[in-house]
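The structure under discussion appears below in the form of structure tokens.
The values are calculated or read from the model by the stated rules, or taken from the named source; none is laboratory data. None of the values given here were measured: they were computed from a predicted structure. In this analysis, Cβ positions are derived from the backbone assuming ideal geometry, glycine residues included, and neighbour counts consider all displayed protein chains. In case anyone asks, the SASA skips ligands and DNA or RNA and just uses the protein heavy atoms, side chains included. Shrake-Rupley method; radii C 1.70, N 1.55, O 1.52, S 1.80 Å.
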Amino acid sequence: FGYFRLPLAVHDRSGDDVGYSFEAIPVVTIRNGEGPGVLLMAGSHGNEYEGQIILAKLIRELRVEDVRGRIIILPGANAPAVRADRRNSPLDDGNLNRKFPGDPDGDPTSMIAHLIESELLTRVDYAIDLHSGSLSIEYLPCAVVARPSNPGR
């Protein structure tokens, strides 16, 4: 259990950079023996609650002995949007789903996309990104399975 630190510049009233703060992005990793790596994530859009709730329950109920391999759980991927209860980040109006592959020196949402793309996806064999309709839309349960065009991914 822990978090990634999304760096945020802090400015005083004159606009001078006075140091760095950060936004915490929660992450849980469970590893037990040999087996595939799986990334489970939700909260790409902060106001899509069902996936976030499912992963929070999974974190509480899953035991290490239930796992073979590694599971990385990112229950609130776009943490600023989750905390603000908004589809997009209040920091930069970033839609995480539109920012991949990201940029480590870009706006906050691009930095999150870069973290997921370069650090998390490279450590797993499978990724499941949970979405829902938020308050305004009701979707029928479905799954979209995609294989990357690059077999190495």
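Of all the residues that make up segment 112-153, how many are in contact (Cβ under 8 Å) with a residue 24 or more places away in the chain and either aromatic (Phe, Trp, Tyr) or open to solvent by 90 Å² or more (accessible area, probe 1.4 Å) (or both)?
Summing the residues that are in contact (Cβ under 8 Å) with a residue 24 or more places away in the chain and either aromatic (Phe, Trp, Tyr) or open to solvent by 90 Å² or more (accessible area, probe 1.4 Å) (or both) in segment 112-153 gives 5.
Quick one: in segment 82-108, which of the residues that are under 11 Å from the mean Cα position of the chain (by Cα) and closer than 17 Å to residue 3 by Cβ is most open to solvent (accessible area, probe 1.4 Å)?
Across segment 82-108, the extreme among qualifying residues is 82.
Does any residue of segment 6-27 turn out to be touching a strand residue (DSSP E or B) at 6+ places or on another chain (Cβ under 6 Å) and hydroxyl-bearing (Ser, Thr, Tyr)?
yes
Within segment 68-78, is even one residue within 20 Å of residue 102 (Cβ to Cβ), touching a residue at least 60 places away in the same chain (Cβ under 8 Å) and open to solvent by less than 50 Å² (accessible area, probe 1.4 Å)?
Checked segment 68-78: no residue is within 20 Å of residue 102 (Cβ to Cβ), touching a residue at least 60 places away in the same chain (Cβ under 8 Å) and open to solvent by less than 50 Å² (accessible area, probe 1.4 Å).
Restricting attention to segment 45-70, report how many residues are touching a helix residue (DSSP H, G or I) at 6+ places or on another chain (Cβ under 9 Å) and closer than 16 Å to residue 126 by Cα.
Summing the residues that are touching a helix residue (DSSP H, G or I) at 6+ places or on another chain (Cβ under 9 Å) and closer than 16 Å to residue 126 by Cα in segment 45-70 gives 1.
Per-residue answers, yes or no, for (1) modelled with pLDDT under 95; (2) closer than 16 Å to residue 131 by Cα; (3) touching a Leu at 6+ places or on another chain (Cβ under 8 Å); (4) not in a helix (DSSP H, G or I):
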{"site": "39", "(1), (2), (3), (4)": "no, yes, yes, yes"}
{"site": "43", "(1), (2), (3), (4)": "no, yes, yes, yes"}
{"site": "47", "(1), (2), (3), (4)": "yes, yes, yes, yes"}
{"site": "55", "(1), (2), (3), (4)": "no, yes, yes, no"}
{"site": "59", "(1), (2), (3), (4)": "no, no, no, no"}
{"site": "71", "(1), (2), (3), (4)": "no, no, yes, yes"}
{"site": "93", "(1), (2), (3), (4)": "no, no, no, yes"}
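Report whether or not residue 87 is closer than 18 Å to residue 132 by Cβ, among the basic types (Lys, Arg) and modelled with pLDDT under 95.
Taking the combined requirement at face value, the residue satisfies it.
Restricting the search to segment 63-122, which residues are under 24 Å from residue 34 (Cα atoms) and in contact with a Phe, Trp or Tyr (Cβ under 8 Å, 6 or more places away or on another chain)?
Once the filter is applied, which keeps residues that are under 24 Å from residue 34 (Cα atoms) and in contact with a Phe, Trp or Tyr (Cβ under 8 Å, 6 or more places away or on another chain), segment 63-122 yields 116, 117.
Tally time: how many residues in segment 126-137 are modelled with pLDDT of 75 or more and either farther than 16 Å from residue 100 by Cα or hydrophobic (A, V, I, L, M, F, W, C) (or both)?
7
Considering 61, 50, which residue is surrounded by fewer than 10 Cβ atoms within 10 Å (Cβ to Cβ) and not β-branched (Val, Ile, Thr)?
61
I'm checking my understanding of the structure. Among residues of segment 1-32 that are open to solvent by 80 Å² or more (accessible area, probe 1.4 Å) and in a loop (DSSP other than H, G, I, E, B), which one is modelled with the highest pLDDT?
My answer is 1.
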